[in-house]
Amino acid sequence: MNRIRRAFTLGLAAATFALAGHAQVPNRELIVASSATYAPFAFENKDKQIVGFDIDIINAIAKQQGLKIKIVNTPFTGIFGALNNGDVDLVISGVTINEKRKQSYDFTPPYFAARQLIAVPKSSTVTSLKDLAGKKIAVVSASTADDIASREFGKTSPNIRRFESTPLIISELAGGGVDAAMGDNGVIAYRVSQTPGLKTVDDKSFPEEGFGIVVKKGDKALLDKLSSGLAAIRADGSYATIYKKWFNKEPDAR
């Protein structure tokens with residue numbers, strides 16, 4: 001009997017150890033951080049509800065994986081701090097996957113192919129970044145577009161006009177204050193679609209980037225759930241439906 005009891009005890013201990021080493025997604029409501037100032041990815045509608053492409057994507061993933069989530073409007077400047085502190089469980093907010101961020105956080109595969117895009121008046125003959133030489137360009141300060149324009153035309157060029165947000169650079173272009181505006185493709189395309197008299201110019205020399213859903217470094221259980229959910233909604237057509245809803249075209253093949 002003692003031998004049987006000892007074997008049972010050892011077996012129970014081994015099973016407990018194995019379960020402890022196999023982390024699982026918490027069976028509770030997961031808090032999702034998103035900065036609702038980034039149409040069409042996440043923004044507040046007239047009823048103060050957070051809507052957008054990112055929101056539809058994370059809701060579809062959560063439904064597919066049986067996850068309970070709550071989306072919290074979080075300023076982008078504090079979004080990583082909230083994740084670090086455990087105030088939120090994951091982030092979806094147009095976050096570009098890059099090597100520096102991957103040192104501190106884990107990402108799903110890209111859910112959106114991001115590149116820079118140029119906006120110009122419909123009468124413009126501009127076809128590429130190089131055609132903007134000598135022209136006034138509006139960019140969001142400290143953005144990827146700012147970096148690209150600075151490298152191409154010089155950081156101190158008086159023709160580079162820096163603003164605080166994408167709506168401001170599009171407004172400046174629409175008002176004739178600049179010859180072009182440049183920024184993230186999804187946001188620029190959306191804003192141009194809402195602004196008569198403008199068109200977009202896609203310079204294929206711009207490098208491709210990807211947006212990913214972010215979790216804490218080492219949170220493999222949640223990362224696997226999110227990545228599996230993303231793959232599933234791509235496979236069943238849900239992703240394409242959401243993409244067309246917000247961008248009026250088929251998603252890019254990846």
When every residue in the range 186-212 that is closer than 19 Å to residue 137 by Cβ and out of contact with any helix residue (DSSP H, G or I) (no Cβ under 8 Å at 6 or more places or on another chain) is compared, the one least open to solvent (accessible area, probe 1.4 Å) is 201
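Within the range 233-250, identify whether any single residue is part of a loop (DSSP other than H, G, I, E, B), surrounded by 15 or more Cβ atoms within 10 Å (Cβ to Cβ) and among the small types (Gly, Ala, Ser), and answer yes or no. Walk me through how you get there before you give the answer.
First, the residues of the range 233-250 that are part of a loop (DSSP other than H, G, I, E, B): 236-237, 248-250.
In the following step, the residues that additionally are surrounded by 15 or more Cβ atoms within 10 Å (Cβ to Cβ) were identified as none.
No.
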Please state which of the following conditions residue 180 fails to meet, knowing it meets all the rest: (1) open to solvent by 10 Å² or more (accessible area, probe 1.4 Å); (2) aliphatic (A, V, I, L, M); (3) more than 24 Å from residue 95 (Cα to Cα).
(1)
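For the range 213-227, give me the residue count where each residue is in a helix (DSSP H, G or I) and open to solvent by 60 Å² or more (accessible area, probe 1.4 Å).
Total meeting the criteria: 3.
Scan 158, 121, 110 and give me the residue that is of a type outside the set (S, T, N, Q) and within 19 Å of the chain's Cα centre (by Cα).
Values: 158 fails: within 19 Å of the chain's Cα centre (by Cα); 121 fails: within 19 Å of the chain's Cα centre (by Cα).
Only one candidate qualifies: 110.
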Cβ-Cβ under 6 Å, sequence separation 6+ or interchain: first residue in the range 167-191 and without any contact (Cβ under 8 Å) to a residue 40 or more places away in the chain, partner part of a loop (DSSP other than H, G, I, E, B) and surrounded by fewer than 19 Cβ atoms within 10 Å (Cβ to Cβ). Which pairs?
174/195
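Where residues in the range 5-64 are at pLDDT 50 or above, among the charged types (D, E, K, R) and farther than 20 Å from residue 241 by Cβ, which of them is most open to solvent (accessible area, probe 1.4 Å)?
First pass over the range 5-64, keeping only residues at pLDDT 50 or above: 22-64.
Still in the running and among the charged types (D, E, K, R): 28-29, 44, 46-48, 54, 56, 63.
Those still in the list that are farther than 20 Å from residue 241 by Cβ too: 28-29, 44, 46-48.
Working: 28: 106, 29: 95, 44: 79, 46: 180, 47: 96, 48: 146 Å².
Among those residues, the one meeting the criterion is 46.
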Would you tally the residues in the range 109-130 being among the charged types (D, E, K, R) and surrounded by 21 or more Cβ atoms within 10 Å (Cβ to Cβ)?
0
Output the number of the condition that residue 56 fails; it satisfies all remaining conditions of (1) in contact (Cβ under 8 Å) with a residue 60 or more places away in the chain; (2) part of a strand (DSSP E or B).
(2)
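So, residue 164, is that one free of Cβ contacts under 8 Å to residues at least 40 places away in the same chain, in contact with a helix residue (DSSP H, G or I) (Cβ under 9 Å, 6 or more places away or on another chain) and of a type in the set (D, E, K, R) or not? Before you say what the answer is, go through the steps one by one.
Values: free of Cβ contacts under 8 Å to residues at least 40 places away in the same chain: yes; in contact with a helix residue (DSSP H, G or I) (Cβ under 9 Å, 6 or more places away or on another chain): no; of a type in the set (D, E, K, R): yes.
Answer is no for this residue.
Starting from residues that are aliphatic (A, V, I, L, M) and part of a loop (DSSP other than H, G, I, E, B), keep the ones in the range 122-165 and report whichever is nearest to residue 207 (Cα to Cα). Quick ask: steps written out before the conclusion?
Start the filter on the range 122-165 by keeping residues that are aliphatic (A, V, I, L, M), which leaves 126, 129, 132-133, 137-140, 142, 145, 148-149, 160.
This time we only want the ones that are part of a loop (DSSP other than H, G, I, E, B), so: 126, 133, 142.
On the way: 126: 19, 133: 19, 142: 17 Å.
Among them, the one singled out is 142.
Anything in the range 59-114 that is of a type in the set (Asp, Glu) and not in a strand (DSSP E or B)? List them, or say none. Can you show your working first?
Keep residues of the range 59-114 that are of a type in the set (Asp, Glu), which gives 87, 89, 99, 106.
Result: 87, 89, 99.
The values are calculated or read from the model by the stated rules, or taken from the named source; none is laboratory data. Predicted, not measured: the structure shown is a model, and the values here were computed from it. Note that each Cβ is placed from the backbone with ideal geometry, even for glycine, and that neighbours are counted across all protein chains shown. SASA here: full protein model, heavy atoms, side chains in, ligands and nucleic acids out. Shrake-Rupley method; radii C 1.70, N 1.55, O 1.52, S 1.80 Å.
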